[in-house]
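Written out below as C-alpha coordinates is the structure these notes cover.
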Amino acid sequence: LPRALNLRWDTVMYDSAIATLVSSKQWQSAVSVFERMPALGLRRDGVTFNAALFALRVGFQWQRAFELLGTMQLVMVKQDVHSFRQVIRAHQAALNQQGRPRETAQAIIESQQKVLEMAQRVLHNSTST
(Lines give C-alpha, C1' and ligand atoms only; values in the text may rest on other atoms or scores of the structure.)
Protein backbone atom coordinates (compact mmCIF):
# COMPACT_ATOMS: atom_id res chain seq x y z
CA LEU A 1 0.00 0.00 0.00
CA PRO A 2 1.15 3.54 -0.60
CA ARG A 3 2.51 5.36 2.41
CA ALA A 4 -0.52 7.71 2.64
CA LEU A 5 -2.89 4.75 2.72
CA ASN A 6 -0.90 3.07 5.46
CA LEU A 7 -1.51 6.01 7.80
CA ARG A 8 -5.24 5.99 7.16
CA TRP A 9 -5.37 2.21 7.34
CA ASP A 10 -3.73 2.32 10.77
CA THR A 11 -6.38 4.73 12.05
CA VAL A 12 -9.15 2.60 10.58
CA MET A 13 -7.61 -0.50 12.15
CA TYR A 14 -7.52 1.21 15.54
CA ASP A 15 -11.12 2.39 15.14
CA SER A 16 -12.09 -1.21 14.37
CA ALA A 17 -10.11 -2.50 17.34
CA ILE A 18 -11.89 -0.07 19.67
CA ALA A 19 -15.30 -1.12 18.31
CA THR A 20 -14.42 -4.81 18.61
CA LEU A 21 -13.25 -4.41 22.19
CA VAL A 22 -16.42 -2.54 23.14
CA SER A 23 -18.63 -5.19 21.56
CA SER A 24 -16.66 -7.78 23.54
CA LYS A 25 -17.48 -5.90 26.77
CA GLN A 26 -13.84 -4.83 27.14
CA TRP A 27 -14.56 -1.12 27.37
CA GLN A 28 -11.46 -0.38 29.49
CA SER A 29 -9.19 -1.92 26.87
CA ALA A 30 -11.00 0.06 24.19
CA VAL A 31 -10.38 3.31 26.07
CA SER A 32 -6.75 2.32 26.56
CA VAL A 33 -6.31 1.78 22.82
CA PHE A 34 -7.91 5.18 22.16
CA GLU A 35 -5.60 6.89 24.66
CA ARG A 36 -2.46 5.33 23.13
CA MET A 37 -3.14 6.50 19.59
CA PRO A 38 -1.48 9.96 19.79
CA ALA A 39 1.73 8.43 21.15
CA LEU A 40 1.77 6.18 18.08
CA GLY A 41 1.43 9.16 15.79
CA LEU A 42 -2.17 8.37 14.89
CA ARG A 43 -4.71 11.16 14.57
CA ARG A 44 -7.98 10.52 16.36
CA ASP A 45 -10.93 11.69 14.28
CA GLY A 46 -14.66 11.95 14.95
CA VAL A 47 -15.17 8.23 14.36
CA THR A 48 -12.43 7.41 16.86
CA PHE A 49 -13.76 9.78 19.51
CA ASN A 50 -17.32 8.49 19.07
CA ALA A 51 -16.09 4.92 19.49
CA ALA A 52 -14.33 5.94 22.72
CA LEU A 53 -17.49 7.71 23.90
CA PHE A 54 -19.43 4.52 23.24
CA ALA A 55 -16.85 2.55 25.24
CA LEU A 56 -17.30 4.94 28.15
CA ARG A 57 -21.06 4.57 27.87
CA VAL A 58 -20.74 0.77 28.06
CA GLY A 59 -18.53 1.22 31.13
CA PHE A 60 -21.05 3.57 32.80
CA GLN A 61 -18.41 6.33 32.77
CA TRP A 62 -20.64 9.29 31.92
CA GLN A 63 -18.40 11.87 33.62
CA ARG A 64 -15.39 10.75 31.62
CA ALA A 65 -17.55 10.79 28.50
CA PHE A 66 -18.55 14.38 29.21
CA GLU A 67 -14.87 15.31 29.67
CA LEU A 68 -13.98 13.58 26.41
CA LEU A 69 -16.68 15.57 24.64
CA GLY A 70 -14.89 18.71 25.84
CA THR A 71 -11.56 17.31 24.69
CA MET A 72 -12.97 16.92 21.19
CA GLN A 73 -13.58 20.65 21.12
CA LEU A 74 -10.09 21.41 22.43
CA VAL A 75 -8.36 19.29 19.79
CA MET A 76 -10.70 20.62 17.09
CA VAL A 77 -12.42 17.35 16.26
CA LYS A 78 -15.96 18.06 15.18
CA GLN A 79 -18.62 16.90 17.61
CA ASP A 80 -21.78 15.55 16.06
CA VAL A 81 -25.18 14.38 17.21
CA HIS A 82 -23.73 10.93 17.93
CA SER A 83 -21.11 12.43 20.23
CA PHE A 84 -23.68 14.30 22.27
CA ARG A 85 -26.08 11.35 22.31
CA GLN A 86 -23.40 9.01 23.68
CA VAL A 87 -22.81 11.29 26.67
CA ILE A 88 -26.52 11.50 27.47
CA ARG A 89 -26.95 7.74 27.13
CA ALA A 90 -23.86 7.11 29.25
CA HIS A 91 -25.43 9.14 32.06
CA GLN A 92 -28.70 7.25 31.73
CA ALA A 93 -26.92 3.88 31.72
CA ALA A 94 -24.89 4.79 34.82
CA LEU A 95 -28.01 5.71 36.78
CA ASN A 96 -29.83 2.57 35.68
CA GLN A 97 -26.79 0.48 36.59
CA GLN A 98 -26.73 2.07 40.05
CA GLY A 99 -30.36 1.10 40.57
CA ARG A 100 -31.54 4.69 40.54
CA PRO A 101 -34.20 4.61 37.78
CA ARG A 102 -36.36 7.29 39.42
CA GLU A 103 -33.52 9.75 39.12
CA THR A 104 -32.89 8.79 35.53
CA ALA A 105 -35.50 11.04 33.92
CA GLN A 106 -34.36 14.17 35.78
CA ALA A 107 -30.69 13.33 35.22
CA ILE A 108 -31.28 12.84 31.50
CA ILE A 109 -32.92 16.25 31.31
CA GLU A 110 -29.96 17.78 33.16
CA SER A 111 -27.48 15.95 30.91
CA GLN A 112 -29.33 17.09 27.83
CA GLN A 113 -29.24 20.68 29.07
CA LYS A 114 -25.47 20.50 29.71
CA VAL A 115 -24.84 18.90 26.35
CA LEU A 116 -27.11 21.41 24.62
CA GLU A 117 -25.21 24.29 26.24
CA MET A 118 -21.94 22.79 25.02
CA ALA A 119 -23.38 22.30 21.53
CA GLN A 120 -24.55 25.90 21.45
CA ARG A 121 -21.06 27.10 22.45
CA VAL A 122 -19.54 24.97 19.70
CA LEU A 123 -22.00 26.36 17.16
CA HIS A 124 -21.41 29.94 18.32
CA ASN A 125 -17.63 29.50 18.13
CA SER A 126 -17.80 28.01 14.64
CA THR A 127 -19.98 30.82 13.30
CA SER A 128 -17.95 33.61 14.88
CA THR A 129 -14.65 32.51 13.30
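The values are calculated or read from the model by the stated rules, or taken from the named source; none is laboratory data. Small disclaimer: the values here were computed from a predicted structure and weren't measured. Every residue, glycine among them, receives a Cβ derived from its backbone with ideal geometry; neighbour counts consider all protein chains shown. Just so you know, the surface numbers come from the protein's heavy atoms only, side chains and all, with ligands and any DNA or RNA stripped out. Shrake-Rupley method; radii C 1.70, N 1.55, O 1.52, S 1.80 Å.
Quote the FRET efficiency, to the nearest 0.05, computed for Met76 versus Gln113 with a Förster distance R0 of 25 Å and r equal to the Cβ-Cβ distance. Let's see the in-between values first.
Numbers: r = 25 Å, r/R0 = 0.98.
Working from the Cβ atoms, E equals 0.55.
What number results when the radius of gyration of the stretch 20-72, computed over Cα atoms, is divided by 2.2 N^0.38 Å?
My calculation over the Cα atoms of the stretch 20-72 gives 1.04.
With every protein chain kept in the model, how would you rank Thr71, Thr20 by accessible area, 1.4 Å probe, largest at the top?
Thr20, Thr71
Explain nothing, just compute: Karplus ³J(HN,Hα) = 6.51 cos²θ - 1.76 cosθ + 1.60, θ = phi - 60°, for every residue of the stretch 47-64 in order, whole Hz, x for Gly and Pro.
4, 5, 4, 5, 5, 5, 4, 5, 4, 5, 4, 4, x, 6, 9, 5, 5, 5
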